[in-house]
Every structure is written in C-alpha cells, then in structure tokens.
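The values are calculated or read from the model by the stated rules, or taken from the named source; none is laboratory data. In this text, all values refer to a predicted model and were calculated from it rather than measured experimentally. A quick note on method: Cβ atoms are made from the backbone with ideal geometry, for glycine too, and the neighbour counts reach across all protein chains shown.
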Amino acid sequence: MKTIALPLALALSAFIGTSAQSAEQLVQPTTLIADTSLSKSALESLTLAPRRYDTFWHTGDERLAKAALSPTFIDHTLPKGRTQGPDGPLMASKTFRSAVPDLTCEIEQMLVAGDRVTAFLHFRGHFTGTFGGRAGQGQTVDFIAVDIYRVQKGLIAEDWHLEDNLTLMQQLGMVAP
C-alpha cells in the first residue's frame with residue numbers, strides 16, 4: 001500500500017475529475033491511500049463512484065447517488081425500515097436532511113485496494129428540523145462513519161457501513177449521554 005499525502009491526493013482527485021463528469025464538484029479525500037499496483041485509470045474508475053456517492057451525502061443531490069450506485073446495489077448493513085437497493089439511500093438522505101438541512105460530509109481518508117474502496121467519513125451540521133418526532137433546537141451534529149464499497153464496472157455494487165449512531169442519537173437528544 002502507498003500513502004498519498006494531501007497535495008498529491010488533491011492533484012490525483014483533480015485528475016480523476018477530468019472525466020466526462022468534470023463539471024461535478026466532488027468531495028475530495030483529505031488522505032488517499034491506494035494500492036500501488038493500480039494504474040491511474042483503474043484508480044479513477046474505482047474512486048469516481050465512491051466520491052460521487054459521498055458527495056451525494058454532502059449535498060443531497062440525488063443525481064450523484066443515481067450516477068454512483070449500480071441498479072442492483074446491495075446494502076449489507078441495511079437499517080431496519082430502509083428499502084434495499086438505490087432507493088434506500090435516497091430516502092435516508094431525504095429523511096436525515098429534513099432534520100439536518102445543513103449536513104456536510106467530508107472524506108477524511110479513502111483507502112483503495114482490489115475492487116474495494118473504504119471511506120472514513122465525517123458528518124457535520126445542525127439539528128434544526130424534525131427527526132423521530134423530535135424537533136431540533138439547533139444542536140450541533142458531528143459524527144463519523146465508515147463505508148466499504150465494492151466497485152464493479154465503475155459503480156458501487158455493494159456497501160458495508162457503520163455509523164457512530166450512539167453519538168448521533170445523543171446529539172439529537174434521542175438517547176441520554
């Protein structure tokens with residue numbers, strides 16, 4: 001594995017963004033760690049869909065999720081009540097953005113090996129909407145998540161994710177600290 005520091009990661013991310021979708025303003029990983037056996041084109045192919053998907057969480061722009069997820073997308077850690085497939089994350093985003101309209105998502109680290117891309121994400125915002133029947137009072141929301149994506153033919157085919165839901169629920173006032 002090779003660690004690519006921030007300046008090189010940003011340069012690589014700029015290179016990655018030169019595809020047909022160069023108009024997209026995709027979130028950039030602060031640190032990119034990639035298998036050195038991957039060519040630049042393989043790295044581009046493996047990271048474009050995850051960056052689109054993470055940008056979807058950053059902006060709420062459903063077009064990015066639809067461009068990132070395979071029509072046969074499988075969420076292996078599907079929360080109770082969420083629809084399997086691409087529609088699940090779209091509904092989850094709408095629900096969460098109604099609670100935290102200023103939600104942002106930063107990719108702190110991105111690890112790339114084989115057909116897997118792991119993203120260490122940091123979410124921030126303010127609870128000013130409603131969630132689970134509870135109205136927000138402007139509380140700060142600040143939690144982390146990890147997603148492991150399997151990329152196939154330039155799309156995310158599978159995802160395994162883990163969010164720090166305890167911290168989130170405490171910040172929303174749903175669980176006592």
Only one of T83, T77 is assigned to a loop (DSSP other than H, G, I, E, B), free of Cβ contacts under 8 Å to residues at least 12 places away in the same chain and not acidic (D, E). Can you tell me which?
T83
Starting from the stretch 133-150, take each residue that is more than 16 Å from H122 (Cα to Cα) and list its partners that are of a type in the set (A, V, I, L, M) and surrounded by fewer than 16 Cβ atoms within 10 Å (Cβ to Cβ), counting only C-beta distances under 8 angstrom and pairs at least six apart or across chains.
R134/M174
Checked against (1) over 30 Å from M174 (Cα atoms); (2) surrounded by fewer than 16 Cβ atoms within 10 Å (Cβ to Cβ), G132 satisfies every condition except (1)
Scanning for something surrounded by 16 or more Cβ atoms within 10 Å (Cβ to Cβ), aromatic (F, W, Y) and at pLDDT below 95, does the stretch 103-124 turn up at least one residue?
no
State all residues of the stretch 83-102 that are surrounded by fewer than 18 Cβ atoms within 10 Å (Cβ to Cβ) and either in contact with a strand residue (DSSP E or B) (Cβ under 7 Å, 6 or more places away or on another chain) or among the acidic types (D, E) (or both); if no residue qualifies, say none.
Q84, G85, D87, S98, D102
Scanning the stretch 50-65 residue by residue, the ones that are surrounded by 15 or more Cβ atoms within 10 Å (Cβ to Cβ) and over 13 Å from the mean Cα position of the chain (by Cα) total 0
Just checking, how many residues over the stretch 11-41 are of a type outside the set (S, T, N, Q), at pLDDT 90 or above and over 27 Å from P101 (Cβ atoms)?
6
